[in-house]
Amino acid sequence: KAGVTQTPRYLIKTRGQQVTLSCSPISGHRSVSWYQQTPGQGLQFLFEYFSETQRNKGNFPGRFSGRQFSNSRSEMNVSTLELGDSALYLCASKRVYSSTDTQYFGPGTRLTVL
Amino acid sequence: AQTVTQSQPEMSVQEAETVTLSCTYDTSESDYYLFWYKQPPSRQMILVIRQEAYKQQNATENRFSVNFQKAAKSFSLKISDSQLGDAAMYFCAYRSAFMDSNYQLIWGAGTKLIIKP
C-alpha cells in the first residue's frame, strides 16, 4: 500500500507570495492533518480534515488555510508569505477521526521564503 | 493542558549497544495514547511504537521497547542492538482519548540520537 505523498517536496517563494501544498493520504484514510515543523518551535499542529470538513485548527493566523476533497486528498494554502513561514510542512493521515488510529506521515514539503 | 518533555536534546551510543531515551508527560487524564516517532535525515516521520495507557504491558516492536510508568508519567524508549540506521531525531507524543481534545498529538521537543560506528 502506498504511503502518504506530498507535493512538491521543495519550494522556494518570496515574501508576499502565496503557496499551495498538496497531500495524498494512504488509500482508505479519510483524515488528514497538517503540521509545521521549525527548529525554533518544533512541531505545531495546523489543522485536521475529515470527510471534507475541518475538524479542528491550531493557533495559526488566517493566512493558513486548507481544504479536503472528496477523494480525501488535501491542500493547504499560505497567503502573503512571511520569512517566518519557512518550515517543513508535514501531512499525516489516518483512517478515521478518532483517538485510536495511528497517524502516518508523508515526507514533507520544505518551504523556503526569501 | 497536557505537556510532553524530552529532557535529552542529544544522545549518543556505540553501535550494537543499548540506549534509552527519556520522555515525561503531564496530564490529568486517565485514558490516552503515547507514541514514539523517528525522523531520520530524510525527514519522513516514522512511527516506532505506540502504547495505550490502559494497557499495563509495555509495548515492544523488535529491537524497540518502552518502559511505561503511568503513575510516574514516564514513557522511555529502549533501543537494543543499536544500528547505524537508528540515527535520527526521536519524538515522544501524547494523544488524549477524549473527543474534546480533538485527538491532537502533543509533541516533545525531540532527542537527536547519534550512533557511533
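The values are calculated or read from the model by the stated rules, or taken from the named source; none is laboratory data. For clarity, every value in this text was computed on a predicted model and none was experimentally measured. As a convention, Cβ positions derive from the backbone with ideal geometry for all residues, glycine included, and neighbour counts pool all protein chains shown. Note: areas computed on protein heavy atoms with side chains; ligands, DNA, RNA excluded. Shrake-Rupley method; radii C 1.70, N 1.55, O 1.52, S 1.80 Å.
With 18 Å as the limit on Cα-Cα distance, the pairs of B:Lys73/B:Lys112; B:Lys38/B:Lys78; B:Lys38/B:Lys112 that go past it are B:Lys73/B:Lys112. The residues of the protein assembly as shown expose, per residue, 47 Å² of accessible area to a 1.4 Å probe. For A:Trp34, B:Trp107, the ranking by accessible surface with the largest value first comes to B:Trp107, A:Trp34, using a 1.4 Å probe. Trypsin sites (Lys or Arg not before Pro), restricted to the range A:10-85: which are DSSP loop and have at most 12 other Cβ atoms within 10 Å? Those that pass, being in a loop and sparsely packed, are A:Arg15. The spacing between the range A:1-48 and the range B:25-55, judged by their C-alpha centroids, is 20 Å. Here is the list for the range A:40-114: chymotrypsin sites (Phe, Trp or Tyr not before Pro) lying in DSSP coil, each with at most 16 other C-beta atoms within 10 angstrom of its C-beta, are A:Phe69. Just tell me which lysines come within less than 16 Å, Cα to Cα, of B:Lys70; anything on the same chain fewer than 8 places away is out. In chain and number order, the partners are B:Lys55. Between A:Ser79, A:Ser93, A:Ser70, the residue with the greatest mean-square fluctuation in the GNM of chain A (Cα pairs under 10 Å linked by springs) is A:Ser70.
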